[in-house]
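Here's a structure for you.
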Amino acid sequence: MAISIEEILKERVLVLDGAMGTMIQRHTLEEEDFRGDRFKDHTHPLKGNNDLLSITRPDIIKDIHRQYFAAGADIVETNTFSGTTIAQADYALEGAVYDINYESAKIAREVADEFAETEPDKPRFVAGSMGPTNRTASISPDVNDPGYRAVTFDDLVLAYKQQATALIEGGSDILLVETVFDTLNAKAALFAIEEVYDEKGIQLPIMVSGTITDASGRTLSGQTTEAFLVSLSHVPIMSIGLNCALGAEQLRPYLETLSNKAPFNTSAHPNAGLPNEFGEYDQTPEEMASQVGEFLKDGFLNIVGGCCGTTPDHIKLIAEEAAKVSPRVIRVEELV
C-alpha cells in the first residue's frame, strides 16, 4: 500500500513547485498558441489565459511540471489558478471549464507518475490549484454602494464544485485553495469541496493558503493571520499557510504565528522578494533560499515552495534547504 502524504509529512518537509506564470512567460506565446484548433473561431481574445494552455499547448505545461519535479519538488500544482466559470467569464469560456481543469490535472498526473516510476522511493503528488477568483464575496467593488456584491456565496460554491469535480476526475491527489484574499471565498470553496467529497464518497487532503496583501499583516478582507486561521479551523484540512503578495522575509512573522497556533501542518510559498518598478521579481535563488532556510531551521514549516517570480532554480535550492531540517511538529492548542 502506498504511503500517504500525511505520513510523509511526519518524516520530512515537502517541497511545492514554483510559479507557473513565470515559466509560461519565458515562452513567446501569441494569440494562436492560446486558441489552438479548438478555439480558433472563438469570439473573444484569449492571449494571456494561461489555464487554457493545458488544452492548446499541453507540451509547454508538461515541460514546466517536469522541470519542477526535476528540481526537487514533491508536489506540483495544476495549471488551474483561474479555472472557474467566474474567472473564465472574462474570456467567455465558461463552457470550457471542466476540460481546462480535467486536462490540467491529467497532465500533472502523467508527469508525476513518470517521476514516481523512476524514483519509487520518492512519491510525487498533484495539487489541484483552486484560485480565489477575480471577485470578492465580502467587499463591494462600488464605493458608492457598500452593500453591493459582485458575487454571492452560492455562485462561488457552484463554480468551485465544477472545478473540484474536474480536478479530482483528472487525477489530483490534493486540493489546494490558494491565494485566499477573502476568507468567505475560501469558505465557499471548502464547502463546495466537502459537497463533492460527500457525493463521490472520497476524502482527499486539502491545503489552504492565504495571502497577506500589505505591511498591515492582514488579508484584503481585513483578517489578521490568527483570525484567518481561527475562521477555518473547523475544517479538517491537511495544511494552512501563506503565499504570494510578499517575499519570504516579509512573511516571516506571520508564518511564526501560524507555526505557534495552527493545529495543522503549515505551508509557505512566497514570492521571489517584492516586485520592482516594472512588476518583475529580482530575488535570486540563493537569496531566497537563504531567507527560506532561516524559518525552516526555526521549525515553522511542513511544506515549502515558491510563488510569483520563482523558477526551478529557486525550487532546487529551497529543496536543498528543506532536506537539512526536520519538519515542524504540530502543536495542538485550543484556538480562541
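Using the Karplus curve 6.51 cos²θ - 1.76 cosθ + 1.60 with θ = phi - 60°, work out ³J(HN,Hα) for each residue of region 130-139 in order, rounded to whole Hz, and write x for Gly and Pro.
Working through the residues one at a time gives 10, x, x, 6, 9, 9, 10, 7, 9, 10 Hz.
So, one more: List the pairs from Lys10/Lys187; Lys40/Lys200; Lys187/Lys297; Lys200/Lys316; Lys40/Lys122 whose alpha-carbon separation is above 29 Å, in the order I gave them.
Numbers: Lys10/Lys187 27 Å; Lys40/Lys200 35 Å; Lys187/Lys297 32 Å; Lys200/Lys316 37 Å; Lys40/Lys122 41 Å.
Pairs exceeding the cut-off: Lys40/Lys200; Lys187/Lys297; Lys200/Lys316; Lys40/Lys122.
Taking the number of other C-beta atoms within 10 Å as the exposure measure, put Met130, Met288, Met238 in order starting with the fewest.
So the ranking, lowest neighbour count to highest, is Met238, Met288, Met130.
Using a basic spin-label model with each label point 7 Å from the Cα along Cα→Cβ, how many nm lie between Asp90 and Asp37?
For Asp90 paired with Asp37, the spin-label model returns 2.9 nm.
Quick check: pseudo-label points 7 Å beyond the Cα along Cα→Cβ at Asn144 and Glu286, how many nm apart are they?
5.5 nm
If you don't mind, there's one more thing I want to ask. Starting at 0 and stepping by 20 Å, how many percent of the alpha carbon pairs of the chain end up in each bin?
33, 62, 6
Follow-up. Quote the FRET efficiency, to the nearest 0.05, computed for Ala227 versus Val329 with a Förster distance R0 of 30 Å and r equal to the Cβ-Cβ distance.
The computed FRET efficiency comes out at 0.80.
In whole Å and largest first, what semi-axes does the C-alpha gyration tensor of region 118-220 yield when each eigenvalue is scaled by 5 and square-rooted?
29, 18, 9
Tell me the mean residue ellipticity at 222 nm calculated for the chain from its helices only (DSSP H runs of n ≥ 4, each -39500 (n - 2.57), averaged over every residue, nearest 500).
Here the helix-only value at 222 nm equals -13000 deg cm²/dmol.
Something else now. Based on other C-beta atoms within 10 Å, arrange His269, His65, His44 from fewest to most. Write out the running numbers ahead of the final one.
Details: His269 31, His65 28, His44 10.
Ascending Cβ contact count within 10 Å gives the list His44, His65, His269.
Also, I was wondering about something else. What is the distance in Å between the Cα centres of region 226-305 and region 149-203?
So the two Cα centres are separated by 23 Å.
Taking region 229-307 as the region of interest, what is the percent of Cα-Cα pairs per 10 angstrom bin, listed from the shortest bin to the one with the maximum distance?
19, 49, 24, 7, 0
Something else about it: For Lys261, which aspartates and glutamates qualify as cross-link partners when the Cα separation must be under 16 Å and same-chain residues fewer than eight apart are set aside?
Cross-link targets: Glu226, Asp298, Glu333, Glu334.
Moving on to the next point. With a Förster radius of 30 Å, plug the Cβ-Cβ distance of Glu117 and Asp63 into 1/(1 + (r/R0)^6) and report the FRET value to the nearest 0.05.
Between Glu117 and Asp63 the formula returns 0.95.
Within the chain, which is the longest segment that contains none of the chymotrypsin sites (Phe, Trp or Tyr not before Pro) sitting in a DSSP loop with at most 15 other Cβ atoms within 10 Å?
Excluding the exposed sites themselves, the longest stretch runs over 1-147.
How high is the FRET efficiency between His234 and Asn260 when r is their beta carbon distance and R₀ equals 22 Å, given to the nearest 0.05?
0.70
Next question. Where in region 79-100 is the amide nitrogen less than 15 Å from a point lying 7 Å along the Cα-to-Cβ axis of His27?
Inside the label zone: 79-80.
Sticking with this one: Over the Cα atoms of region 4-85, what radius of gyration and what Dmax do you get, in Å?
15.4, 51
Quick one: length gained pulling Ala2 to Glu110 fully straight, 0.36 nm per residue minus the C-alpha distance?
Fully extending the segment from Ala2 to Glu110 adds 37.1 nm.
Arrange the peptides 2-10, 217-225 so that the one whose residues have, on average, the most other Cβ atoms within 10 Å appears first.
Answer by packing, highest mean first, reads 217-225, 2-10.
No lab work stands behind these numbers, since they all come straight from the coordinates. Please read these numbers as outputs of a predicted model, since none were measured by experiment. Methodologically, a virtual Cβ is constructed for each residue, glycine included, from the backbone with ideal geometry; neighbour enumeration extends over all protein chains shown.
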